[in-house]
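Take a look at the structure set out below.
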Amino acid sequence: MNTEEVANKVVELTRKQAWHEAVDALYDKDIVSVEASGMGGESPEKRGIDAVHGKADWWIGNMEVHSFKVSGPFVAHDRFVVQYDVDATDKNSKKRFQMSEVGVYTVKNGKIVREEFLPLAGA
């Protein structure tokens, strides 16, 4: 798949919240995933497909999603951007929140090799 095909598939699968399907189909085994900040003092950077599966498992287990809007993709060369707007409740704290962020993805040999998430400033 070329970058645009990978990007379109990411949008298709994330709109369905098919996290594991997206990771299994589109991610390189040595993926580097970078969040805006780490949780509990952890590094914001995770390496490897197992770590990305772990992030997906955490999200599925800890968040009740009320709405999940996916915009894009915006594609150029070997990179693409997708915007995510989320309305969710943390199952543990019962706190509801809204969040907007973009995912910036890099593709090599038809697989995502890097993703980085950037939150909306001031949110």
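Readers should treat all values here as calculations from the given coordinates under stated rules, not as data from a laboratory. Nothing here was measured: the structure is a model prediction, and the numbers come from that model. Please note: Cβ atoms are built from the backbone with ideal geometry, for glycine as well, and neighbour counts cover all protein chains shown.
So for region 116-123 (the condition being in contact with a Pro (Cβ under 6 Å, 6 or more places away or on another chain), part of a strand (DSSP E or B) and not acidic (Asp, Glu)), does at least one residue qualify?
Of the residues in region 116-123, the ones in contact with a Pro (Cβ under 6 Å, 6 or more places away or on another chain) are none.
No - not one qualifying residue is present in region 116-123.
Note on region 25-41: residues that are more than 13 Å from the chain's Cα centre (by Cα) and either of a type in the set (D, E, K, R) or under 15 Å from residue 55 (Cβ atoms) (or both) total 7. For first residues located in region 44-71 and farther than 16 Å from residue 117 by Cα, partners that are β-branched (Val, Ile, Thr) and assigned to a strand (DSSP E or B) and lie 6+ apart or on another chain with Cβ distances below 8 Å form the pairs 48/31; 49/31; 63/89; 64/89; 65/86; 66/89; 67/86.
Considering region 6-23 alone, what residues qualify as being over 14 Å from residue 106 (Cβ atoms) and either in contact (Cβ under 8 Å) with a residue 12 or more places away in the chain or among the β-branched types (Val, Ile, Thr) (or both)? First the steps, then the outcome.
Kept after step one, since they are over 14 Å from residue 106 (Cβ atoms), are these residues of region 6-23: 8-9, 11-23.
Residues satisfying the conditions are 8, 9, 11, 13, 14, 15, 17, 19, 20, 22, 23.
Does region 30-43 hold any residues that are without any contact (Cβ under 8 Å) to a residue 24 or more places away in the chain and farther than 18 Å from residue 86 by Cα, and which are they? The answer is 38, 39, 40, 41, 42, 43. Can you tell me which residue in region 69-84 is nearest to residue 16 (Cα to Cα), limited to those that are of a type outside the set (Ser, Thr, Tyr) and within 12 Å of the chain's Cα centre (by Cα)? Step by step, filter region 69-84, then rank; the result is 70. Of all residues in region 73-102, those satisfying the criterion of being within 22 Å of residue 122 (Cβ to Cβ) and touching a Gly at 6+ places or on another chain (Cβ under 9 Å) are 81, 82, 83, 84, 102.
Can you find a residue that is closer than 19 Å to residue 1 by Cβ, touching a Lys or Arg at 6+ places or on another chain (Cβ under 8 Å) and touching a residue at least 60 places away in the same chain (Cβ under 8 Å) anywhere in region 94-114?
Going through region 94-114, the residues closer than 19 Å to residue 1 by Cβ turn out to be 103-114.
From what is left, the residues that are touching a Lys or Arg at 6+ places or on another chain (Cβ under 8 Å) are 104-107.
Now restrict to residues that are touching a residue at least 60 places away in the same chain (Cβ under 8 Å): 105, 107.
Yes: one or more hits.
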